[in-house]
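Comments concern the structure below.
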Amino acid sequence: MSQDTWNAVDAYLSEQLVGSDPVLTAALAASDAAGMPAIHVAPNQGKLLHLLARAIGARRVLEIGTLAGYSAIWLARALPAGGKLVTLEALPKHADVARANIERAGLGSVVELRIGKALDVLPALVAEGAAPFDLVFIDADKANIPEYITWSLKLARVGTVMVIDNVVREGEVVNAASTDASVQGVRRMNELLASNPRLDATAIQTVGSKGYDGLAIALVVS
Ligand code: SAH
Ligand code: DHB
Ligand code: MG
């Protein structure tokens with residue numbers, strides 16, 4: 001199996017089941033034009049997030065790591081009237097592109113984009129007494145994933161679903177001796193998911209247009 005095969009299958013699946021969308025296409029073009037990395041979720045992954053949000057009837061979604069707003073648009077489009085997506089982005093340049101993309105999608109009143117490091121903004125959300133989120137998508141720097149989960153738990157309720165992206169790292173996740181902070185972040189995440197009694201979790205490996213990686217899903221159970 002090769003990246004070419006994964007690309008062809010992703011293209012086929014996305015053509016059959018996802019379709020093309022001028023707003024999402026424009027968002028990626030704007031991201032490219034701004035010189036931002038193409039590390040957004042794939043179209044079929046974006047739709048997975050969207051369907052998951054709808055399946056659980058999510059009204060409030062938290063995203064950590066906005067980039068150009070591609071996954072944010074997928075998630076925000078899943079919300080009912082009055083729903084809200086709060087998305088956190090450290091880099092003002094990324095936030096500027098994301099804001100324009102979100103406005104173009106007609107989602108400016110649904111999405112609250114907060115600029116700042118997530119480890120600063122998450123405590124602020126807790127201090128503000130933010131209502132619990134129904135779904136949390138964690139997709140920022142990987143070294144801090146465990147901390148993002150711990151903070152998200154303070155913004156969660158029983159039944160909240162967390163999705164964590166990029167948790168396989170081309171298989172490096174099994175290398176306990178890795179000196180890669182992202183790998184160690186994911187390994188600490190798995191220890192947390194395994195040991196925290198408030199969470200029940202699984203993770204799967206994925207291949208596709210974004211290479212070989214994986215995602216974890218955790219359910220808040222208490
Ligand atoms: N979820 C996006 C992709 C996010 S890429 C999508 O699928 O469309 C990761 C983003 O997290 C980048 O924009 C990066 O600037 C941001 N990021 C990195 N470290 C961060 C931090 N400490 N706090 C908030 N955002 C961070
Ligand atoms: C990177 C980040 C992501 O969220 C992703 O999906 C792929 C790559 C990165 O930082 O390299
Ligand atoms: Mg990601």
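Nothing in this text is a laboratory measurement; each read-out follows from the coordinates by a stated rule. Quantities reported herein were computed from a predicted structural model and do not represent experimental measurements. All Cβ positions, even for glycine, are placed from backbone atoms using ideal geometry, and neighbour counts span all protein chains on display.
Might you let me know whether region 91-105 holds any residue that is farther than 29 Å from Asp32 by Cα and in contact (Cβ under 8 Å) with a residue 12 or more places away in the chain?
Scanning region 91-105 turns up no residue that is farther than 29 Å from Asp32 by Cα and in contact (Cβ under 8 Å) with a residue 12 or more places away in the chain.
Inspect region 168-184 for any residue being farther than 24 Å from Glu112 by Cα, touching a Lys or Arg at 6+ places or on another chain (Cβ under 6 Å) and of a type in the set (A, V, I, L, M) and give the result as yes or no.
Scanning region 168-184 turns up at least one residue that is farther than 24 Å from Glu112 by Cα, touching a Lys or Arg at 6+ places or on another chain (Cβ under 6 Å) and of a type in the set (A, V, I, L, M).
Table: residues versus (1) over 17 Å from Asp139 (Cβ atoms); (2) of a type in the set (A, V, I, L, M, F, W, C).
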{"residue": "Gly159", "(1), (2)": "yes, no"}
{"residue": "Arg169", "(1), (2)": "no, no"}
{"residue": "Val174", "(1), (2)": "yes, yes"}
{"residue": "Asp180", "(1), (2)": "yes, no"}
{"residue": "Gly185", "(1), (2)": "no, no"}
{"residue": "Thr202", "(1), (2)": "yes, no"}
{"residue": "Thr206", "(1), (2)": "no, no"}
{"residue": "Leu215", "(1), (2)": "no, yes"}
{"residue": "Ala218", "(1), (2)": "no, yes"}
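Scan (1) outside any helix (DSSP H, G or I); (2) within 16 Å of ligand 1 (Cβ to nearest atom) for the single condition Thr202 breaks and write down its number.
With respect to (1) outside any helix (DSSP H, G or I); (2) within 16 Å of ligand 1 (Cβ to nearest atom), Thr202 is out only on (2).
For a quick check of your reading: which helices (runs of 4 or more DSSP H) sit entirely within region 108-196 and have at least 1 residues that are surrounded by fewer than 20 Cβ atoms within 10 Å (Cβ to Cβ) and among the β-branched types (Val, Ile, Thr)? Walk me through how you get there before you give the answer.
Values: elements: 118-127, 145-153, 181-195.
Passing ranges, in order: 118-127, 145-153.
Residues Asp139, Asp96: which one is under 27 Å from Pro22 (Cβ atoms), touching a helix residue (DSSP H, G or I) at 6+ places or on another chain (Cβ under 8 Å) and among the acidic types (Asp, Glu)?
Being under 27 Å from Pro22 (Cβ atoms), touching a helix residue (DSSP H, G or I) at 6+ places or on another chain (Cβ under 8 Å) and among the acidic types (Asp, Glu) holds for just one of Asp139, Asp96, which is Asp139.
Pull up region 84-107, narrow it to residues that are assigned to a loop (DSSP other than H, G, I, E, B) and within 9 Å of ligand 1 (Cβ to nearest atom), then point me to the one that is nearest to Ala218 (Cα to Cα).
Of region 84-107, the ones assigned to a loop (DSSP other than H, G, I, E, B) are 90-91, 105-107.
From what's left, within 9 Å of ligand 1 (Cβ to nearest atom): 90-91.
Values: Ala90: 24, Leu91: 27 Å.
Out of the qualifying residues, it is Ala90.
Return yes when Val163 is of a type in the set (A, V, I, L, M, F, W, C), more than 20 Å from Leu75 (Cα to Cα) and touching a residue at least 60 places away in the same chain (Cβ under 8 Å) and no when it is not.
Criteria not met by Val163.
Can you list residue pairs whose Cβ atoms sit under 7 Å apart, with the first residue in region 176-192 being more than 15 Å from Ala218 (Cα to Cα) and the second being more than 16 Å from ligand 2 (Cβ to nearest atom) and of a type in the set (Ser, Thr, Tyr)? Count only pairs 6 or more apart in sequence or on different chains.
Final answer for the pair search is none.
How about region 25-72: which of its residues are more than 16 Å from ligand 2 (Cβ to nearest atom), in a helix (DSSP H, G or I) and more than 15 Å from the chain's Cα centre (by Cα)?
Residues satisfying the conditions are Thr25, Ala26, Ala29, Ala30, Ala33, Arg54, Ala55.
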